[in-house]
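Each remark here refers to the structure printed beneath this line.
The values are calculated or read from the model by the stated rules, or taken from the named source; none is laboratory data. Worth saying up front: this structure is predicted, and the values here are computed from it rather than measured. Note that each Cβ is placed from the backbone with ideal geometry, even for glycine, and that neighbours are counted across all protein chains shown. Ligands, DNA and RNA are stripped out before the accessible areas are found, and what is left, the full protein with its side chains, is counted by its heavy atoms. Shrake-Rupley method; radii C 1.70, N 1.55, O 1.52, S 1.80 Å.
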Amino acid sequence: MLARFAGAFVTVTTILASAMTLGLAQPIGAQPYPNKPVRLVIAFPAGGSIDTLGRILAGKLSEEWGQNVVVENRPGAGGNLGAAAAAQAAPDGYTLHLGAQTLAVNVTIAPHQGFDPVRDLEPIMLVATAQDVLMVAPSAPYRTVQELIADAKARPDQLNYASLGPGSSAHLASVLFAQVAGIKLQHVPYPTGMSQAVTDIMTGRISLWLATVGGALGNVQSGKVRALAVSGHARSEALPEVATFKEQGVAMEEETTWFAFFAPKGTPRDVIAKVNRDVARILAQPDIKARGVTLGYRFIGGSPEELASFLKNEIAKWAEVAKSANLTVR
């Protein structure tokens, strides 16, 4: 009897010791991340290509984490306003930023904003790139890119293009197009959103518009605008009937629009790793892959270190473009 009691006592003691050891492995009161809602800051108005992608990912992350991931649109200052707001948030993982190529170009064209993406943000993942589509009004006389270029050369500075403002994807893509084609175009910014720009391109008030395939798809398919070309090395799966710039003799293979996850500088490495891992799993889901094709995204993925290297290369590339095109924001 005594031996059995002693054995039982040893067993109970061992269990209690193990439980105490496990308890000491985590701080008292610690809970897995995230244990409250997460804010996803997007530095552009609702309804655009980056906003659409952000809301798709926010919905999936909410399901994955069991916590709401709330999109907060903070447009202004060419993307600097929202990016700065995200960078200045507490580095605890509860503010994330879905940024775009404006992060790379604004360092050069708007340095007075006092924000530096390398210094002030932690890279998480390069999520996607997006092909651009060159559009004109249905009434425009152009059926090919070369016809548009010929008219622009005959009438320097007479054709105009729309964008959300300096440093936005449409602005950068249009600057590159003008440089490659050897033409001069007038920039018309729409900083409060692209809804009026859509109307203006449909009516011909705006001569041309280079927007992401996802943002333009509905209007192209409905015939409200005419698509002349898409960027990239191959045709868009969403618009297979539209030839690439390259097919038409214009070197616009690069996809100038990209989207990436960042967090405030100093965010814990385990949080960065978890967000990276969970977003990668979401991008691999069949329904998300199919949605990406429809919206013209090319999902990339990769490590935080790869995004850090990509961002530095993009800053150098756009600094060269900005210098050659004399792009500045005062």
Dipole axis of segment 185-330 (+1 Lys, Arg; -1 Asp, Glu on Cβ), positive-most option in P268, H187, I282
P268
Output the relative contact order of the chain, whole-number percent, from Cα pairs under 8 angstrom with separation of 6+ residues.
25 percent
The size of the Cβ-based charge dipole (Lys, Arg +1; Asp, Glu -1) of the chain about the Cα centre, to the nearest 20 debye, is 260 debye
Which order do the peptides 122-129, 252-259, 143-150 take when ranked by the mean count of other beta-carbon atoms within 10 Å per residue, highest first?
122-129, 252-259, 143-150
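Shape of segment 206-330 from its Cα gyration tensor (a ≥ b ≥ c, root eigenvalues): rounded if a/c is under 1.5, otherwise prolate when a/b > b/c, or oblate?
oblate
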At 20 Å minimum axial length over the Cα atoms and a Kyte-Doolittle cut of -1.0, report the qualifying DSSP H helices in the chain, or say none.
2-24, 49-65, 269-283, 304-325
Within the accessible area of segment 95-190, what % is carbon and sulfur when the probe is 1.4 Å and the other protein chains stay in place?
52 percent
Based on DSSP H runs of at least 4 residues, each adding -39500 (n - 2.57), what is the mean residue ellipticity at 222 nm of the chain after dividing by all its residues, to the nearest 500 deg cm²/dmol?
-14000 deg cm²/dmol
Enter the accessible area of R74 (Å², nearest 10), with the probe set to 1.4 Å and all protein chains included.
80 Å²
Relative packing of peptides 263-271, 203-211 - highest average C-beta neighbours within 10 Å first:
203-211, 263-271
Averaged per residue, what accessible area in Å² does the chain show with a 1.4 Å probe, protein chains only?
46 Å²
Can you give me the solvent accessible area of L228 with a 1.4 Å probe, rounded to the nearest 10 Å²?
10 Å²
Just subtract the alpha-carbon distance of E305 and E241 from 0.36 nm times their residue separation and send over the number in nm, one decimal.
19.3 nm
Unit charges on C-beta of K, R, D, E only; dipole of segment 189-252, Debye:
100 debye
For segment 250-264 and segment 138-192, what is the separation of their C-alpha centers, rounded to whole Å?
19 Å
Let me know the shape class of the chain, please: from the alpha-carbon gyration tensor, a ≥ b ≥ c as square roots of the eigenvalues, rounded when a/c is under 1.5, otherwise prolate if a/b is greater than b/c, or oblate.
prolate
Sorted by accessible area with a 1.4 angstrom probe, largest first, how do H171, H112 fall?
H112, H171
Over the chain, what is the percentage of antiparallel beta bridges among all DSSP beta bridges, to the nearest 5?
60 percent
A student applying the Cα gyration tensor rule (rounded when a/c is under 1.5; otherwise prolate if a/b is larger than b/c, oblate if not) would label segment 257-330 oblate
